[in-house]
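Structure first, then comments.
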Amino acid sequence: MSRSDQALYSHADDDHLAGLGIKPELVRRMSGFGNLAISLTVISVLSGCMTLFGFGLVSGGPAVMMWGWLGVGLAVLLVGMALAEVTSAYPTSGGLYYMALRLGGPRWAWGTGWLNLLGLLGGIAGIDYGAASFIAAFANLQWGVETSPGLVLAIFAVVLLVHALLNVAAVRVVSLLNAVSVWWHVLGVLVIVGVLAVVPSHHQSPGFVFGHYANSTGWSNPVYVSAVGLLLAGYTFCGYDASAHMSEETTNARIAAPRGIVRSIWISLIAGFVLLAGLLFAVQDYAGTAAADVPPAQVFLDALGTTGAKVLLLIVIGAQLFCGSAEVTAASRMVYAFSRDNALPGSATWRRVSRSNKVPVPAVWLSVVVAFALAVPSLYSATAYGAVTAVNVIGMTPRYIIPVYLRLRQRDRFVPGPWNLGRWSRPVGITAVVWVVVLTVLVCLPQRYPVTIDTFNYAPVTLLVVLALAWVWWRMAGKRFSAPVVQDPHLAAIEEQIV
């Protein structure tokens, strides 16, 4: 795209934003590829698939992992398409929260915003803490460093600091890193799968990879176990709305942001399928791998030896670090947008934008500080930390579908943007809503039997706590909640029809 085209699109984007009642403050330096890159990075199959690989091995095994990945991925693609259509109409940093505001009013926006924000902050904690755990595992292999909760938390703090500094530096730096991240993920998957396909002398059969069922959950019903096993894919396919959060910094946002959402999902669908197949074909000792602290590392060790395992671990760690940086970017933009409408305590501070580089610096620092606080319980209890990071899962799962549901409720009153589904909008939207309801139930189901303090699924409790906090703060501060005011008379008439 030429500079003249960029300037033309930027003016059109800013005019559309101003028509929505939002003052353009962020600089549009991100291309369509950069917008795609941030969602692809946040989804990060090299993070989600690797972290949850062991969960899949005991919750249905290879058969559920492979076919579940395909089924869930296609369902998520429909969700992404429905969400992309709404994003094209409302391309703002507030993302899902602002969409809910325009389509359903302040109360819908308030609930969506809190779920969105807490999901993103929990995502930073989960991703960067996972990266810290893999770094500690690498240090153990390389230097014999003994892994401990204190060491992992210290590494986690350093990772958060680095990600904050990168995000404060400039959007252009983050955009460059996200562009590199796309190729890191694509080439990383190819390298890992290629090495695992060539080097090991023994491989599992296709019948094993696509048909072997395994269950170590304690539950006896195979249908129930298989349903729980779908969470490997359900957990991984999160964060694709990052493209929407970066839309105020993207050129030609009404087209580029929805394309970023959809493309990031189908690329991740293909890459994750190939990655999981490569890992499963290379499993040497199934029971030993399933029981390992870091199952993918055990696959690398058994198949390649120590040196090969360390090289592949570095590829995975790099992907996790890219993913964490992108998550900080998305979360800070949500903090900024939510504070812009006086929805957070201390909003006047968190909505400040740096004059030098037009970055919401206080929002970046708040995001990483909260993420660190969420991880502190890991020093004392892995179960407690798991309960806190469930904020990510339970926050992200239902929030995706709220704007889609509200859009369906508007019927013909909804004014679509240039990227839309046409006559397929309603059937795709209805299917997406049904799937997210199913996934939300799956997230809340007990995953292990017997159910004890250590095996209890805290996700439903977390959901209730989040909703209670949102309700309490609404009662205390909801009067200060200020929706953007539409200035353009024509758009004001449209808003009256919609809202």
Practice item. State yes or no: is L103 crowded, with 24+ Cβ neighbours inside 10 Å and either among the aliphatic types (A, V, I, L, M) or within 20 Å of L439 (Cα to Cα) (or both)? Key: yes
Exercise for review: Return the residue satisfying two criteria in turn: it lies in region 175-204 and is among the β-branched types (V, I, T) and under 13 Å from F281 (Cβ atoms), and of such residues it is surrounded by the most Cβ atoms within 10 Å (Cβ to Cβ).
Suggested key: I192
Practice item. Kindly indicate whether S243 is among the small types (G, A, S), within 30 Å of M30 (Cα to Cα) and touching a strand residue (DSSP E or B) at 6+ places or on another chain (Cβ under 9 Å). Key: yes
Review point. What helices (runs of 4 or more DSSP H) completely inside region 46-119 contain at least 1 residues that are acidic (D, E), modelled with pLDDT of 90 or more and at negative phi?
Key: 61-89
Point to revise | Any hit, region 310-330, residues being part of a helix (DSSP H, G or I) and either free of Cβ contacts under 8 Å to residues at least 24 places away in the same chain or more than 24 Å from the chain's Cα centre (by Cα) (or both) | key: yes
Review point. Do we have any residue at all in region 380-390 that's under 27 Å from F237 (Cβ atoms), assigned to a helix (DSSP H, G or I), under 17 Å from the mean Cα position of the chain (by Cα) and modelled with pLDDT of 85 or more?
Key: no
**Study point:** Residue match in region 17-34 (condition: in contact with a helix residue (DSSP H, G or I) (Cβ under 6 Å, 6 or more places away or on another chain), of a type outside the set (D, E, K, R), in a helix (DSSP H, G or I) and modelled with pLDDT of 70 or more)
**Key:** yes
Review point. Counting only residues that are more than 18 Å from Y98 (Cα to Cα) and outside any helix (DSSP H, G or I), which one in region 455-487 is modelled with the lowest pLDDT?
Key: Y458
Check your understanding: Could you say which residue among A363, A337 is assigned to a helix (DSSP H, G or I) and at pLDDT 80 or above?
Key -> A363
**Study point:** Scope region 241-286; condition of a type in the set (F, W, Y), surrounded by fewer than 20 Cβ atoms within 10 Å (Cβ to Cβ) and over 19 Å from the mean Cα position of the chain (by Cα); matching residues
**Key:** Y286
Practice item. Scan region 109-118 and give yes if some residue there is touching a Leu at 6+ places or on another chain (Cβ under 7 Å), surrounded by fewer than 24 Cβ atoms within 10 Å (Cβ to Cβ) and aliphatic (A, V, I, L, M), otherwise no. Key: no
Practice item. Please find, among G130, G194, the residue that is closer than 23 Å to S39 by Cα and either touching a Gly at 6+ places or on another chain (Cβ under 9 Å) or touching a residue at least 40 places away in the same chain (Cβ under 8 Å) (or both). Key: G130
Review point. Between residues in region 75-88 that are without any contact (Cβ under 8 Å) to a residue 24 or more places away in the chain and surrounded by 24 or more Cβ atoms within 10 Å (Cβ to Cβ) and residues that are of a type outside the set (K, R) and not in a helix (DSSP H, G or I), which pairs lie under 8 Å by C-beta distance while being six or more apart or on different chains?
Key: none
**Study point:** Candidates R399, R409, R426, filtered to the one that is surrounded by fewer than 13 Cβ atoms within 10 Å (Cβ to Cβ) and within 30 Å of S88 (Cα to Cα)
**Key:** R409
Check your understanding: With respect to G150, is the statement that it is out of contact with any Phe, Trp or Tyr (no Cβ under 9 Å at 6 or more places or on another chain), in contact (Cβ under 8 Å) with a residue 60 or more places away in the chain, assigned to a helix (DSSP H, G or I) and under 21 Å from S44 (Cα atoms) true?
Key -> no
Review point. R448 passes all but one of (1) in a loop (DSSP other than H, G, I, E, B); (2) of a type outside the set (G, A, S); (3) closer than 23 Å to V86 by Cβ; which number fails?
Key: (3)
Review point. Taking region 205-218, which residues are crowded, with 19+ Cβ neighbours inside 10 Å and modelled with pLDDT of 95 or more?
Key: V209, H212, A214, N215
**Study point:** Number of positions in region 450-469 that are surrounded by fewer than 14 Cβ atoms within 10 Å (Cβ to Cβ) and under 19 Å from T440 (Cβ atoms)
**Key:** 3
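The values are calculated or read from the model by the stated rules, or taken from the named source; none is laboratory data. These numbers come from a predicted model, not from an experiment. FYI the Cβ positions are ideal-geometry reconstructions off the backbone, even for glycines, and counts take in every protein chain you see.
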